[in-house]
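Everything below concerns the one structure shown next.
Just so you know, all these numbers are worked out from the coordinates, no wet-lab data involved. Since this is a predicted model, take the numbers as computed values, not measurements. As a convention, Cβ positions derive from the backbone with ideal geometry for all residues, glycine included, and neighbour counts pool all protein chains shown.
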Amino acid sequence: MSKYIAVVGKRCVACGVCMNVCPKHAIKVENGIKAVVDKSLCIGCGICVKMCPAGIIDKAERRNHE
Ligand code: SF4
Ligand code: SF4
């Protein structure tokens, strides 16, 4: 389990960029509305953080229960 995880903020425009760049297929746009991170798959690599055109993804330290 990696130490970091991607966290999607508000104002996701559901563009799908994060979904397409994630090497672990850990992030998906659900219902065409908002990107959601699968905590069991995300390795916290930060690629989606850099690529999100809206700049709303952050890398955060994973909490113990996640
Ligand atoms: S941090 Fe990396 S593994 Fe996690 S959702 Fe973003 S691109 Fe995927
Ligand atoms: S790249 Fe950013 S704006 Fe686009 S779907 Fe992902 S989180 Fe939402």
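Got a sec to turn the phi values of the range 9-23 into Karplus ³J(HN,Hα) couplings, 6.51 cos²θ - 1.76 cosθ + 1.60 with θ = phi - 60°, whole Hz, x for Gly and Pro?
Calculated HN-Hα couplings, in order: x, 6, 6, 5, 9, 6, 6, x, 4, 4, 4, 7, 9, 5, x Hz.
Would you kindly calculate the translational diffusion coefficient of the range 4-61, applying Stokes-Einstein with the Kirkwood radius from alpha carbon pairs, for 20 °C and a viscosity of 1.002 mPa s, and quote it in µm² s⁻¹ without decimals?
Taking Rh from Cα pairs, D becomes 198 µm²/s.
In the chain, which cysteines lack any other cysteine Cβ under 4.7 Å from their own?
Within the chain, the cysteines lacking a partner Cβ under 4.7 Å are 12, 15, 22, 42, 45, 52.
If you put +1 on each Lys and Arg Cβ and -1 on each Asp and Glu Cβ, how big is the dipole of the chain around its Cα centre, in Debye rounded to 20?
80
Could you grab the relative contact order for the chain? Cα pairs under 8 Å, six or more apart, rounded to a whole percent.
On the way: 123 pairs, mean separation 29.6, N = 66.
Contact order relative to length: 45 percent.
Report the label-to-label distance for residue 33 and residue 50 in nanometres (one decimal), using points 7 Å from each Cα along the Cα→Cβ vector.
The two pseudo-label positions are separated by 3.2 nm.
Restrict the search to the range 2-66; then list the trypsin sites (Lys or Arg not before Pro) that DSSP places in a loop and that have at most 10 other Cβ atoms within 10 Å of their Cβ. Provide the component values of the computation, followed by the final result.
Values: sites: 3, 10, 11, 24, 28, 34, 39, 50, 59, 62, 63; in loops: 3, 10, 11, 24, 39, 62, 63.
Answer by residue number: 3, 10, 11, 63.
Under 5 Å between amide H atoms, partner at least 5 residues away or on a different chain: which partners does residue 4 have, H built in plane at 1.01 Å?
Under 5 Å from the amide H of residue 4: 62.
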